[in-house]
1. Could you please find all residues in segment A:19-30 being open to solvent by less than 30 Å² (accessible area, probe 1.4 Å), of a type in the set (Gly, Ala, Ser) and either near ligand 2 (Cβ under 10 Å from one of its atoms) or away from every other protein chain (no Cβ under 14 Å) (or both)?
2. Identify, from the list A:ALA214, A:ALA128, A:ALA235, A:ALA197, the residue that is more than 14 Å from chain B (Cβ to nearest Cβ) and either free of Cβ contacts under 8 Å to residues at least 24 places away in the same chain or open to solvent by 10 Å² or more (accessible area, probe 1.4 Å) (or both).
3. Can we say C:THR85 is open to solvent by less than 10 Å² (accessible area, probe 1.4 Å), polar (S, T, N, Q) and closer than 24 Å to C:LEU12 by Cβ?
4. Among the helices (runs of 4 or more DSSP H) lying completely within segment C:133-242, list those that include at least 3 residues that are within 16 Å of the chain's Cα centre (by Cα).
5. Can you find, within segment A:1-11, the residue that is nearest to ligand 1 (Cβ to nearest atom) among those that are open to solvent by 10 Å² or more (accessible area, probe 1.4 Å) and modelled with pLDDT of 95 or more?
6. Scan segment C:46-65 and give yes if some residue there is more than 8 Å from chain B (Cβ to nearest Cβ), open to solvent by 30 Å² or more (accessible area, probe 1.4 Å) and under 22 Å from the mean Cα position of the chain (by Cα), otherwise no.
7. With respect to the numbered conditions (1) open to solvent by less than 40 Å² (accessible area, probe 1.4 Å); (2) under 18 Å from B:PRO104 (Cα atoms), which one is the sole condition not fulfilled by A:ARG141?
8. Report whether or not B:SER106 is buried (at least 20 other Cβ atoms within 10 Å of the Cβ), more than 15 Å from the chain's Cα centre (by Cα), more than 7 Å from every other protein chain (Cβ to nearest Cβ) and outside any helix (DSSP H, G or I).
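The values are calculated or read from the model by the stated rules, or taken from the named source; none is laboratory data. Keep in mind it's a predicted model, so treat the numbers as computed, not measured. When we count neighbours, we look across all protein chains shown, and the Cβ atoms used for this are built from the backbone with ideal geometry, even at glycine. Calculation scope for accessible area: heavy atoms of the full protein, side chains included, ligands and nucleic acids excluded. Shrake-Rupley method; radii C 1.70, N 1.55, O 1.52, S 1.80 Å.
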Amino acid sequence: MLVVEAEGLHKRFGEVEALRGVDLQVSEGEILGLLGPNGAGKTTTINVLTTLIRPDAGTARVDGIDVIADPAAARGRIGLTGQFAALDDGLTARENLVLFGRLLKLGSAGAWARADELLTEFGLAEVAHRRTGTFSGGMRRRLDLAASMIGRPRVLFLDEPTTGLDPHSRNALWEAVRSLRAEGTTIVLTTQYLAEADELADRIVVIDHGKVIADGTAHELKQRTGGSTCQVGVAESTVDRAQRVLAERWEVSRDELLLTIPAAGPQTLVEVLRLLDEHDVAPTEVGLRQPTLDDVFLALTGRASNPATPATETPAGATAP
Amino acid sequence: MSPTLIPTPQPSFVSDTAQLAGRHLRLMSRRPSSIIGAIVLPLVFAFLFFTVLNGVMERAGVDYAQYVIPAVVLQAMFFSAISASVWAAEDASGGMSARLRSMPISRTAPVLSLLVGELVRALLSLVVLVIAGYGFGFRFERGAGYVLLFVALAIGCAAAACAGYIVLGFAIAKVEQVQAIGGLLYYPLLLVSNLFVPAEAFPGWLQPLVENQPVSRIADALRAVSTLGHEDLGRTILIAVLWIAGLLTAFTFLAPRAFGRVR
Amino acid sequence: MRNHDTAPHPSLWTDTAVLAARSALLMARSPTTLLMAAAFPVILLCLLSVSFAKVVMPDASYAHYIDYTVPLFATMGITFATLSTAIAAHTDRTTGFDDRLRTLPISPIAPLAGRIIADTIRNLATLLVVTVVGIGLGFRFTEGITGVIGYLVVPLIYGFGLAWFMVAIALSAASAESAVAVLNAVLLVLSFLSTGFVTIGDLPGWAQPVAEANPITHVIEAMRTFAHGGEPAGLHVLATLGWALGLTLLAGYTAVRVRARQA
Ligand SMILES: Nc1ncnc2c1ncn2[C@@H]1O[C@H](COP(=O)(O)OP(=O)(O)O)[C@@H](O)[C@H]1O
Ligand SMILES: [Mg+2]
């Protein structure tokens with residue numbers, strides 16, 4: 001069953017066309033990763049789906065409800081953890097949660113009970129009495145997530161939940177998201193981090209300049225770049241010879257002293273090494289490399305995703321002396 | 001665990017406003033600068049104006065305690081309004097407005113709760129100032145009904161000012177800018193008025209403006225209901241009420257729209 | 001290997017100049033600071049002078065009261081602008097900028113001295129803006145160039161001492177917001193309980209000794225004498241120097257100590 005269905009979403013802010021026909025489908029129980037660089041239109045998409053802005057054109061349904069025609073009904077089905085934490089620094093963690101519980105008509109006792117439940121679930125029980133102004137970034141983010149779970153939403157929208165978090169807090173947040181999915185919540189999360197989408201999402205939608213440019217599982221997207229490659233580094237004196245030798249059998253691309261060959265599997269690596277050995281070329285480094293989502297992005301758009309993204313393409317192989 | 005344990009919550013105008021107003025009051029009560037702005041600063045101004053100007057005003061034949069307490073009360077109402085604009089901007093620039101707007105709650109509650117919270121604060125300032133005023137020699141010279149009218153007019157003014165400043169806060173949504181613009185509005189409104197000195201003290205060409213601007217008109221009414229000897233009591237009150245009603249209507253029409261526009 | 005001769009050496013002058021330039025640049029780019037330092041005193045000058053003139057000096061012209069109050073509003077401008085000094089110093093402390101400076105091979109006095117010098121430049125700007133607007137409204141110098149110099153130097157000396165005080169507070173206070181709220185009230189009292197608005201004889205008896213001891217009174221009285229003669233300025237200049245020196249020594253000592261302790 002589709003829990004989120006959006007078709008042809010358009011949104012223009014003055015000169016900027018933030019959305020240029022976004023289509024989106026999310027099945028029940030799925031984690032969808034909405035991946036794209038800064039300014040791609042992720043937040044605008046989330047804002048449309050969470051009733052915060054009306055699109056100029058297009059339709060959007062959440063849990064079967066048309067969010068444009070009946071935003072009030074849609075609000076009962078969704079939870080939003082926006083790009084900026086929606087917490088009051090002057091309130092304690094528990095007070096923050098109780099407030100939202102009261103607004104969701106859980107009643108006083110119900111709101112308290114639900115707050116305690118979530119504080120425990122998100123590992124915040126011990127700091128429940130502390131004002132959130134004193135919280136670390138990771139704690140705030142988890143509390144923010146807890147706040148959007150109070151009403152047990154059918155769909156949870158998370159806008160860049162881990163941007164700015166340290167790795168430890170990020171892992172804790174990932175764990176929290178996974179356990180929500182395990183309870184049956186459908187989740188749409190946006191991220192600029194390719195590794196995060198890879199790690200969390202069942203399916204990834206890549207968005208750029210307000211358009212969906214790819215849609216599939218992480219594995220499918222990686223396939224589109226042509227599978228894994230074999231990389232060999234060689235000394236300057238032998239690089240021309242090595243290229244010539246390898247080019248007889250494979251399509252070789254060269255980047256300074258690094259030669260890259262499409263790999264069918266580990267077998268290719270063995271063959272490359274044997275061939276080089278026969279021609280007296282000693283590699284300085286070899287590796288079999290899985291494509292990363294960075295490659296995906298590059299292949300789809302012809303440009304790097306985001307200069308700020310940490311490089312993850314360290315060759316996963318042994319380094320010869 | 002089923003994700004649909006609870007029924008879809010329904011917006012409730014009263015309950016949502018009460019919850020959010022409670023939040024606002026609780027946050028203010030924990031912010032030292034809010035408490036100073038609500039209690040200490042109005043007292044300091046009352047004390048300073050009375051101390052510095054009482055001598056010269058007596059010479060000019062004005063009973064300054066009667067004259068200035070309504071003025072500092074109105075000033076405190078504007079402090080509430082400025083506070084409202086800052087809170088509105090904070091909610092709008094953080095994620096709070098977005099979350100509230102994505103929740104199944106009353107659409108007007110987030111805006112109205114800010115107003116309600118600030119009016120409670122304004123009432124506190126008013127009570128503190130009147131008590132201090134009795135120390136300076138201020139008296140309610142008419143009956144109890146007029147005391148209530150005084151309170152109603154002051155709080156009405158606070159409501160109109162708060163609504164206007166809330167529009168500003170949500171529309172601009174940046175704390176520093178909101179503070180700056182709010183201040184630039186506040187000074188001419190309060191200083192080019194008859195709040196602290198009578199309109200006759202201003203140069204002739206400025207007097208029509210000073211006499212007729214809303215803050216002066218409301219101050220006239222506050223003085224008329226607290227001090228004996230004002231002619232045209234009914235008319236003075238009516239003009240103030242019309243100003244308050246007109247401004248309040250205009251701003252309450254705009255405020256939810258400004259809130260809806262928040263990014 | 002790096003030669004020892006080319007390793008950076010602390011230099012009080014260069015380091016101070018660089019940091020003063022940074023502070024001055026940040027001030028010039030901060031709308032809030034510009035508002036506090038320039039717009040605020042000019043607004044008060046225009047609006048308060050015009051409203052108080054006929055009350056305080058019923059028989060004199062508006063220009064005469066402007067003559068009387070320009071030194072007050074210039075001094076108030078300097079006084080309240082130092083709040084932004086406190087905010088900036090507090091920000092540097094909490095953002096880690098101070099910590100970075102501590103790890104650099106620079107003179108330990110330079111960070112504080114740089115800020116104070118930038119402040120003095122800002123104060124001079126406030127002084128010039130208010131005075132020029134005042135001249136437009138009728139303010140006049142009658143005592144020649146020495147008078148003008150004295151008029152400019154005295155408030156700068158006062159601002160220098162006050163800036164040290166603000167820096168010391170900023171380095172000790174836990175919350176900038178609360179500290180500013182309290183200081184704001186204190187500075188209001190100082191500004192009003194002076195001979196700035198009314199003559200000493202028009203203040204109530206108990207307030208007269210307070211006003212006489214108030215540094216703002218001394219600054220303003222000295223400026224008045226330098227601008228248009230009257231009773232000799234010597235004592236007021238001495239008192240201003242005394243206050244500034246006292247604040248500089250006491251607050252400067254505190255600031256340097258607190259800074260060293262936080263290291
Ligand atoms: N309220 C707005 N007014 C004007 N431009 C906006 C507004 N919101 C977003 N934009 C613009 O729309 C584009 C998409 O923004 P956004 O959806 O926030 O991107 P993302 O979340 O992927 O970083 C950007 O170019 C952004 O500058
Ligand atoms: Mg975004």
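1. Across segment A:19-30, the qualifying residue is only A:GLY21.
2. None of the others qualify; the one that does is A:ALA235.
3. yes
4. C:144-172, C:176-192, C:215-228
5. A:LYS11
6. Yes: segment C:46-65 contains one or more residues that are more than 8 Å from chain B (Cβ to nearest Cβ), open to solvent by 30 Å² or more (accessible area, probe 1.4 Å) and under 22 Å from the mean Cα position of the chain (by Cα).
7. Every listed condition holds for A:ARG141 apart from (2).
8. So B:SER106 passes the test.
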